[in-house]
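The values are calculated or read from the model by the stated rules, or taken from the named source; none is laboratory data. Given the structure is predicted, the values throughout are model-derived calculations rather than measurements. Virtual Cβ from ideal backbone geometry, glycine too; neighbours counted across all protein chains shown.
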């Protein structure tokens, strides 16, 4: 019984607002992790999109098969044609195929009221990633439209760029938010350490009187803060993992952007970052307050 | 030890400050290895400030002080712990922790001063407790001990790191005369085994009954019985 009370008392002596510290670091790490997740997913998304940027090259209605093959050869020889395993990524879509596809998608059989197929034969040409800037795509479009037998060139404009623009805005927002949270963490830890040192000032004073080095006095605080940082990292990672699984279940096709390796690296980075945040801000605070005589802490 | 023949404490032309005013001017004295010295003077006369300056708790702003081989005037922050390990500090504001046993109190100090091996720590604890005449209190809590016993444990704690000098501020302050005599005898025994003692005290019967060198803080000056004669208690009674 007596022993019980004693151990309780000892714990009290080192009282320290664990929960609020861990909660704040977790929150900061969560936002940073959110930012990391966003970067990972958009990165993967742009990669996928870049692999699939293609030009639709519509041909004149009266091209002969010879001309058509000639056009294919010309397109294949261009250096902006994307290659995969030494094969140019070009495919031919006849107007019949296109019509079939269209009817399948819309459920509307236009030939019944138009009488004829208004669509054109087309080549779909994938573009190498180094030519995917808007200006370059424009000049490529003009280049191809100059080939005889080509009616029109179309491409999805600005898809990648609009992604990148939006990403920049959201990133800025998230970075700003996590910065604010980080500052809050530093201030909180600062006050926490101040209180902890104050509540243990007799202990620390005694340590100083018998000749304990300051590293000895700091060690338990630093160790604890580092541990809390890591715990916060684990919490933040768990939250992010739940969030991402929720998002995958709610948003179709998002799972395609899932990269387990990189996610693991992100989580590891959060652990390390948490440990660093805990360690650095505690180190800063403890340096500041140990320099003062402990009576000044009042 | 490299400074074995040097005095343990050497003070030259030092001024002792308390906050921003000087309490002692032009202090000069030396304490040899193994010497026993009383420090007397009225409250607020600068006894405690002088002791605090000796273990680098108060800044030395004027003069030169050398303690246990360390120059206090320009001691580096990271040398202060090493200095204090050479001193035994027995102070009013440095009591035992009430929330742990005697052994835990001692272990705490030893861990803080770089002891690593448990068996060595145990052995040294038994040694110092025997030295202060307390054989079987290691597992007791401080509140289970009498005032005199507690003070003996405090002295044992100061002896752990084999100090070259004990700095004691009113070590018999709250004890009845009989117990104080016992504590004082303990200091004498420790002194006989070669440790210098600088003891600040109000207890004039002690000073009268056990003649030793006396330093007296008097009106901003430090008088030394080695150099001049003075009334011990002229201003008290």
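For segment B:87-113, residues that are assigned to a loop (DSSP other than H, G, I, E, B) and at the interface with another protein chain (Cβ under 8 Å from one of its Cβ atoms) total 7. May I ask you to verify whether residue A:183 is more than 30 Å from residue B:94 (Cβ to Cβ) and either assigned by TED's automatic domain parsing to the domain that holds residue A:284 or modelled with pLDDT of 80 or more (or both)? It is true that residue A:183 is more than 30 Å from residue B:94 (Cβ to Cβ) and either assigned by TED's automatic domain parsing to the domain that holds residue A:284 or modelled with pLDDT of 80 or more (or both).
Every listed requirement among (1) part of a loop (DSSP other than H, G, I, E, B); (2) free of Cβ contacts under 8 Å to residues at least 12 places away in the same chain; (3) surrounded by fewer than 10 Cβ atoms within 10 Å (Cβ to Cβ) is met by residue A:118 save one, (3).
Scanning segment A:187-194 turns up no residue that is farther than 25 Å from residue A:24 by Cβ, in the same structural domain as residue A:32 (by TED's automatic domain parsing) and surrounded by fewer than 17 Cβ atoms within 10 Å (Cβ to Cβ).
The residues on offer are A:71, A:127, and the sole one that is under 39 Å from the mean Cα position of the chain (by Cα), over 30 Å from residue A:267 (Cα atoms) and outside the structural domain of residue A:235 (by TED's automatic domain parsing) is A:127.
Of the numbered criteria (1) part of a helix (DSSP H, G or I); (2) more than 12 Å from chain A (Cβ to nearest Cβ); (3) touching a strand residue (DSSP E or B) at 6+ places or on another chain (Cβ under 6 Å), the one residue B:45 fails is (1).
Okay, residues lined up against (1) touching a residue at least 12 places away in the same chain (Cβ under 8 Å); (2) under 29 Å from residue B:10 (Cα atoms):
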site	(1), (2)
B:94	yes, yes
B:100	yes, no
B:117	no, no
B:159	yes, yes
B:164	yes, yes
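Tell me, yes or no, whether segment B:127-149 has at least one residue that is within 12 Å of chain A (Cβ to nearest Cβ), crowded, with 20+ Cβ neighbours inside 10 Å and at pLDDT below 90. No: zero hits.
All of (1) touching a helix residue (DSSP H, G or I) at 6+ places or on another chain (Cβ under 8 Å); (2) buried (at least 17 other Cβ atoms within 10 Å of the Cβ) hold for residue A:48 with one exception: (2). Taken over segment A:198-207, the residue count meeting the criterion of being crowded, with 18+ Cβ neighbours inside 10 Å and either part of a loop (DSSP other than H, G, I, E, B) or more than 8 Å from chain B (Cβ to nearest Cβ) (or both) is 2.
Before we move on, is residue B:63 at positive phi, surrounded by 22 or more Cβ atoms within 10 Å (Cβ to Cβ) and away from chain A (no Cβ under 14 Å)? No, not satisfied. Scanning segment B:66-85 for residues that are over 18 Å from residue B:162 (Cβ atoms) and either within 14 Å of chain A (Cβ to nearest Cβ) or part of a helix (DSSP H, G or I) (or both) yields B:72, B:73, B:74, B:75, B:76, B:77, B:78, B:79, B:80. When restricted to residues that are touching a helix residue (DSSP H, G or I) at 6+ places or on another chain (Cβ under 7 Å), in a loop (DSSP other than H, G, I, E, B) and either at pLDDT 85 or above or over 22 Å from residue A:207 (Cβ atoms) (or both), segment B:56-65 contains 2. Only one entry of B:227, B:223 meets the criterion of being more than 25 Å from residue B:84 (Cα to Cα), free of Cβ contacts under 8 Å to residues at least 24 places away in the same chain and touching a strand residue (DSSP E or B) at 6+ places or on another chain (Cβ under 8 Å), and that entry is B:223.
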